[in-house]
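The values are calculated or read from the model by the stated rules, or taken from the named source; none is laboratory data. Model, not experiment: these values are computed from the prediction. Every residue, glycine as well, gets a Cβ built from its backbone with ideal geometry; the counts of neighbours run over all protein chains shown. Just the protein is used for accessible areas: all its heavy atoms, side chains included, with ligands, DNA and RNA removed. Shrake-Rupley method; radii C 1.70, N 1.55, O 1.52, S 1.80 Å.
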Amino acid sequence: MNKPALSGASADAREHYERALGLFRLYSGDPLAAADAALADSPGFAMAHLLKAWLNLLGTEPAGIDAARAAHATAAPHCRTAQEKGHLAAVGHLAEGRWHDASRAILRVSTDHPHDLLALQAGHQIDFFTGNARLLRDRIARALADWSADMPGYHALLGMHAFGLEEMGDYGSAEIAGRRAVELEPRDGWGQHAVAHVLEMQGRTGDGIAWMRDNADAWSCDSFFAVHNWWHLALYHLDRGETGEVLRLFDGPIFGARSGVAMDLLDAAALLWRLHLRGEAVGDRWTAVADNWQPFASAGNYAFNDAHAVMAFVGASRPERIAEVMDAQDRAMASAGDNARFTREVGRPVVLGLKAFGEGDYAGCIAAIQPVIPIANRFGGSHAQRDLLDLTVLEAALRLPDPALARAITAERRAVKPDSLHARSMFERARGLRGS
C-alpha cells in the first residue's frame, strides 16, 4: 500500500495520525486526542485537522458542527494535494448539512485513492446516516479489488462491506464477510455488528446470543460502539420475551453510565420504546433518558435523532419537550440543508405518529407513520433500527383495534422471520382480535 503525501506533517505527527486512524477503525479509545497530538507537533497538518472535522461530524452531535467548521477552516490553507482537497470539500458540505454532496465528494476521493480508508469509512458512515443501502455495499466493493488480507486495516473494509451486504439483503455473503473481519481483528466492533444485523434480520436469536456473548470481551472493551452492540444482544433476548435480561442489559452496559452521547441515547430510547409497545413496566427509566435527550430537543440537525428524542419525551410524559422538537423541526424544514428533506418526508410524520401513540390516538399514529415506512430509509438508520416504525404501527393496529391491518402486518413479519418467537406470538395475537 502506497502511503499518501500528508501536507504539513512531521514523521512524529504522522505516527500520531496513523494511531488516530487505527483507533477510529476500531471505534476505540480517543482518536480525537491522537489527532490533537499530531497537531501539537505539526499545526499545519491538513489531514489531522480534517480527521478532527470528520470525527466531530459523524457523531451527529449538535456541538460537533461548530468544532468541525473550525477544523475545516484551519485545514483549508494547508491542503496541497487533490486527495486532501477532496476531503476538504466533503467536510465542507457535511458541516453545512449537505449530506448527499458530501457523499459524492468523498466517493470521488475513494475512487481515485482506493487505499484511503478514512475516505471509505467516512463515506460509509454518511451512507448509513442517509439510509443509502446500495452505497453502503458498493462504495466498499469498489475498493476491495485493490486490497489484500495482508494490508493493515483490511478487516475494517470487510466489516463495512458485510454491513452493506446485510442492508441489501445478501445475508449469506454478509455473514461470511463479517465473521472473517472479526477473525482477522476480534476488536472489530463494526464487523461484529454486521453479523449481529444478519442474525437479527433472520430471527436467529440463539445464534445471535452466542455470537455476541462469545466475543464480548473483545468488542466491548474500550469501544465507543459497545453500547450499540449490547443493544443488539438485548434485541435477541427481547424477541424471546426475556424481559428481565433486557432490563439488566439496559441498566448495565446500555445505559448504566447515563451516557449523553447521541448514538448511545438512540439505543436507550429505542430499547425502552420496544418495551413500552409491549406494555412492559420500565419504572422510572424513561426519566433519565429523557433528561439526557433534553439538550437535543431544540437542535433540529438530524431527523433520526428527533424521532428518538420524542420517544423519550412521550415515555417520560413531557409534552413541552415534544413541542420544542417540533419547533426545531419547523426551523429545519425551512433551512437549506438535506435535513429539511429528511424531516419533511419522514422525520415529521414519525414524530406526529409517536406523539399520537402517546396520546392514545392509535388511528392518528397509523395515519402518520404507515405511509412513510416504505421511504423511511431517507432519514437514516438501519433496517433493524427502522423496524421500530413497523412495530409501532402494528401495536397501534392491535390496540385500536384494526384486525385486518394487524393480521396483515403480523403475517408479513412471520413470513420474513419464521423462526422469531415474537413474530409468531404477534401473529397469534392478531388472529385473536374480534373481526379477524
Subtract the Cα-Cα distance of residue 415 and residue 148 from 0.36 nm times their separation in residues, and report this length gain in nm to one decimal. 92.2 nm
Solvent-accessible area of residue 400 with every protein chain in place, 1.4 Å probe, in Å² to the nearest 10: 80 Å²
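Based on the mean of other beta carbon atoms within 10 Å per residue, what is the order of 259-268, 190-199, most packed first?
Descending packing order for the listed peptides: 190-199, 259-268.
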Under 5 Å between amide H atoms, partner at least 5 residues away or on a different chain: which partners does residue 28 have, H built in plane at 1.01 Å? 224
Extent of the chain along each principal axis, from alpha carbon coordinates, in Å, largest to smallest? 72, 45, 34
Within the set of other residues whose C-beta is less than 11 Å from the C-beta of residue 219, count the net charge using Lys and Arg as +1 and Asp and Glu as -1. -3
At 1.4 Å probe size, with no ligands or nucleic acids counted, give the accessible surface of residue 330 in Å², nearest ten. 70 Å²
Given +1 on the Cβ of Lys and Arg, -1 on the Cβ of Asp and Glu, and no further charges, what dipole in debye does the chain carry about its Cα centre, rounded to the nearest 20? 980 debye
Once the Cα atoms of helix 262-277 and of the chain are each reduced to a long axis, what angle between those two axes, in degrees from 0 to 90 to the nearest 10, is obtained? 10 degrees
How far, in nm, would the chain grow between residue 399 and residue 221 when pulled straight, counting 0.36 nm per residue and subtracting the alpha carbon separation? 59.9 nm
Simple spin-label model, 7 Å along Cα-to-Cβ: residue 334 to residue 213 in nm? 5.4 nm
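Assuming a ≥ b ≥ c are the square roots of the Cα gyration tensor eigenvalues, decide whether region 264-378 counts as rounded (a/c under 1.5), prolate (otherwise, with a/b larger than b/c) or oblate.
It comes out oblate by the Cα gyration axes.
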Accessible area, 1.4 Å probe, largest first: how do 19, 14, 274, 80 sort? 80, 19, 14, 274
For region 321-379, with the dipole built from +1 on Lys and Arg beta-carbon atoms and -1 on Asp and Glu ones, taken about the Cα centre, which of 366, 350, 339 lies farthest toward the positive end? 339
Quick tally, 1.4 Å probe accessible area for 74, 343, sorted with the most first, runs 74, 343
Remind me, what semi-axes does region 1-149 give for its equivalent ellipsoid, largest first in whole Å, using sqrt of 5 times each Cα gyration tensor eigenvalue? 22, 18, 14
I need the shape label for region 44-123. Rule: rounded when a/c is under 1.5, else prolate if a/b > b/c, else oblate, with a, b, c from the alpha carbon gyration tensor. oblate
When the charge dipole of region 218-342 is computed with +1 on Lys and Arg Cβ and -1 on Asp and Glu Cβ about the Cα centre, the Cα farthest towards its positive end, among 289, 266, 246, belongs to 246
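Any idea what the relative contact order of the chain is, in percent, if you count C-alpha pairs under 8 Å spaced at least 6 apart?
Working: 705 pairs, mean separation 48.8, N = 436.
Relative contact order comes out at 11 percent.
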Using only protein heavy atoms and a 1.4 Å probe, report how much of residue 65 is accessible, in Å² to the nearest 10. 40 Å²
Let me test this: with uniform point scatterers at the alpha carbons of region 388-436, what is the Debye-based log₁₀ I(q)/I(0) at q = 0.31, 0.33 1/Å? -1.20, -1.29
What value, in deg cm²/dmol to 500, does the helix sum -39500 (n - 2.57) over DSSP H runs of n ≥ 4 give at 222 nm once divided by the residues of the chain? -21500 deg cm²/dmol
